Every structure is written in structure tokens, then in C-alpha cells.
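Engineer: This structure is in C-alpha cells; I'll ask about it shortly.
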Amino acid sequence: MTVLMHLSDLHFGAHDPEVCAAAQRLAQRLKVAMAVVSGDVTQRATAGQFEQAARFVQGLNARSNLVLAGNHDLPLFAWWMRWGRAYERFSEQFGMDREPVRQMGAFYVVGVNTTRAWRHERGSLSSAQIEHVAMLLARAPPSSWRIVASHHPLVERDDNEREHRPARADEAVERWRIAGAQMMLSGHAHHPRLLQPLPGLWASSAGTAVSMRLRHGSPNSLVVLSIEASGTAPGGEARYAARWDYDEAVGEFACVHRVQAG
């Protein structure tokens, strides 16, 4: 079994140390091959919060990490940094590439940056970004699980969630499905959910993994994707998406929902 762990909205500076430790224990127990963190790793984009977030990600002990910036990772109070230096503190801990691509085993993940230095919360996608991601997806190995990760969700469950989507979301979803995308990972809304917006395409939004900023009545939550041997699935492997919620009573994450996603 090969495992990818998707976490989002860590919000270091408003995090729960006990939940952080539980997430790291789960990652080590599952022997996570890749960790994907889809933004808002800090609460207020301070150097100290980025350092804490980097230590946490390292403590997951994944063989490969893909970390994206979220709107909270751009300076709010240090507003002068938004002109030319908006991603400076993020880059010091997680690298200069704001749209990383990672492959680990059959997982092929393309990161896309939906944040903008001049926006406080809303996201956006450019036509150039949409085409670049489509090109990368088209080049992916045919047998890979082709995944796109972003901070802002590209798919909504109802009209109340539409405000969280970046500009050009509909265009991106359709273009990337044609290019071969099979799963989209996101965060931002702190509302865990798994949808299938189009045939052959799934969209998974993680809740807030380790922060105290809980919303919608949801606990701390993360997503686990796994590729497992199967005698009945095409190619002998089945793909699963699972939601894991933090159980405060026992101090550990527990699997609460699991579906075959390919």
C-alpha cells in the first residue's frame, strides 16, 4: 500500500499541539510516502510560525512533501511586504517554487498557486496557469494517479460555498479533466468533503488539520489517499480516499469515511 496524506489550514500560531502530535503519529503509523499541505500553514505569516510549520511537516516523516501557500501565508499586518516580498517568509522554509510538482510511486501531484499578493482572501487562476497545469497532466505517466492541489477549492457542494472558489474555477476543472486529472485536493473552507463533479474526476477538500479554528461543526480533519493491491481492480490496484477526524476522547485521528476513488 502506498499512502498520500493531505492536510490543509494548519494555521500555526493558532494550532493545537496535541492534535499536531496525533497527526504526526498517524503519518508515521501509515508510513506516508507523500504529504501534501494545501496552504494556510500559518495564522499570520510570521517567521516564527513558518518555522513551527516546517518542523511539523518534517515530523510527518514523509518521503516527499508538497507545500502550497494559502492566503494566510501572505503578510497581513506587514502590508509593505506584499509588494515584491509577499512569499519571502514562506519561501525561506518551503522553497522558491510556489507551484511544485511531485511524483512518488503512482502518485503524480501538480501544485497550483491560487493566492494573489493583492488579495486578502479570495483566490484566482490565470489562463496561463490553467494551460500549464493541463500540459503537466498530459505529460504524466499513464498509470499514475493524476492529482491537482490548490489552496482554494475549485468545486462547491452548494451555493454557500461558491464564494470560496477562485476566479476561472469552472474553466480549470473542465480543462484539467480533459487533460487527465483524476483528483483535486484543496482546503481554505475548513469544511471536509468529497465530491465527484464530473465522471472520472473527484474533488476532496480537507478540513483544518491541526488548528483551533474549527468551523461548520467539523473537528480537526485530514485526508488519506491510498493505492492498494486488489484482485478485482483494473491493473491489480485500487485507489481509495478516506477522511480521518481527530477524536478528542482518545487523542488520535480515526477513519470516519472511505470510498473507492478510481
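The values are calculated or read from the model by the stated rules, or taken from the named source; none is laboratory data. These figures come from a predicted structure and were not determined experimentally. Every residue, glycine as well, gets a Cβ built from its backbone with ideal geometry; the counts of neighbours run over all protein chains shown.
Engineer: Within region 177-206, can you find the residues that are at positive phi and crowded, with 20+ Cβ neighbours inside 10 Å?
Structural biologist: HIS188, HIS190
Residues are listed down the side, and each one gets a yes or a no for (1) part of a loop (DSSP other than H, G, I, E, B); (2) touching a helix residue (DSSP H, G or I) at 6+ places or on another chain (Cβ under 6 Å); (3) not basic (Lys, Arg):
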| position | (1), (2), (3) |
| --- | --- |
| CYS20 | no, yes, yes |
| LEU26 | no, no, yes |
| VAL36 | no, no, yes |
| ALA45 | yes, yes, yes |
| GLY48 | no, no, yes |
| ALA54 | no, yes, yes |
| HIS72 | no, no, yes |
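Engineer: Only one of ALA209, ALA238 is within 22 Å of MET184 (Cα to Cα), modelled with pLDDT under 95 and surrounded by 16 or more Cβ atoms within 10 Å (Cβ to Cβ). Can you tell me which?
Structural biologist: ALA238
Engineer: Taking the condition touching a strand residue (DSSP E or B) at 6+ places or on another chain (Cβ under 7 Å), among the acidic types (Asp, Glu) and without any contact (Cβ under 8 Å) to a residue 40 or more places away in the chain, does ASP170 pass?
Structural biologist: For ASP170, the condition - touching a strand residue (DSSP E or B) at 6+ places or on another chain (Cβ under 7 Å), among the acidic types (Asp, Glu) and without any contact (Cβ under 8 Å) to a residue 40 or more places away in the chain - is not met.
Engineer: Could you tell me whether any residue of region 137-151 is assigned to a helix (DSSP H, G or I), at pLDDT 95 or above and surrounded by 15 or more Cβ atoms within 10 Å (Cβ to Cβ)?
Structural biologist: Yes, because at least one residue in region 137-151 is assigned to a helix (DSSP H, G or I), at pLDDT 95 or above and surrounded by 15 or more Cβ atoms within 10 Å (Cβ to Cβ).
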